[in-house]
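First up is the structure itself, then whatever we jot down about it.
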Amino acid sequence: MRDEAIRQVPGLMVFPGTFDPFTLGHLDLVERARRFCHELRILVFDNSAKSPVMARRDRVSLIRRAVCHLDHVTVAEGSGLLAAYCVEHGVGAIVRGIRSAAQFDEESVMAGLNKKLGGGVETIIFSAAERRHVSSTLVREIARYGGDISDLVPGVIRVDIEKAYRV
């Protein structure tokens, strides 16, 4: 099937997260989701329940380097409520990835809230493919203690992640 034949969501889709750090699991999701829209924007947020190791602007910079080879993918900083961003920017859909049934339950609740608050914006949930074991938490812990993260993060940003997260 040709890429043009599967484009369903006009305009902009967003993939929000803290991306602390951006992993190969995130990159896989970006590569899969971008086929379904005209533009996929990765939105880097700070989460009040988390304390990211890297500043948001530094995470944005790393992600831009990791996805620069992909057409129709942009990276931006987000703040405030995702639903408000969706209304303000005319977002067609939100992209989320899950690795487990527990995450599906959590994302389903968030999808409902975002739809209600975000002017009816839908959430498209992608199941993790081969990289189900990759999480930002896991990468942070391995990097913190000097472990090998080369199979967990994009090669172009691996050294920067190792430096940022090492104890």
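Values in this text are rule-based calculations from the coordinates and carry no lab data. Note that the structure is predicted; figures quoted are calculated from it, not measured. Methodologically, a virtual Cβ is constructed for each residue, glycine included, from the backbone with ideal geometry; neighbour enumeration extends over all protein chains shown.
Whole Å is fine, so just give me how far the alpha carbon centre of region 17-46 lies from that of region 70-108. Using only Cα atoms, the two centres lie 9 Å from each other. Charges were assigned to the Cβ only: +1 to each Lys and Arg, -1 to each Asp and Glu. The resulting dipole of region 9-131 about its Cα centre is roughly 140 debye. In the chain, the DSSP-assigned H stretches of four residues or longer account for a calculated mean residue ellipticity at 222 nm of -12000 deg cm²/dmol, using -39500 (n - 2.57) per stretch and the full residue count as denominator. Stokes-Einstein, applied to the Kirkwood radius of the chain over Cα pairs at a viscosity of 1.567 mPa s and 4 °C, places its translational diffusion at 79 µm² s⁻¹. Lys/Arg Cβ at +1, Asp/Glu Cβ at -1, dipole of region 9-131 taken about the Cα centre: which of Ala83, Phe45, Val121 is farthest positive-ward? Selected residue: Phe45.
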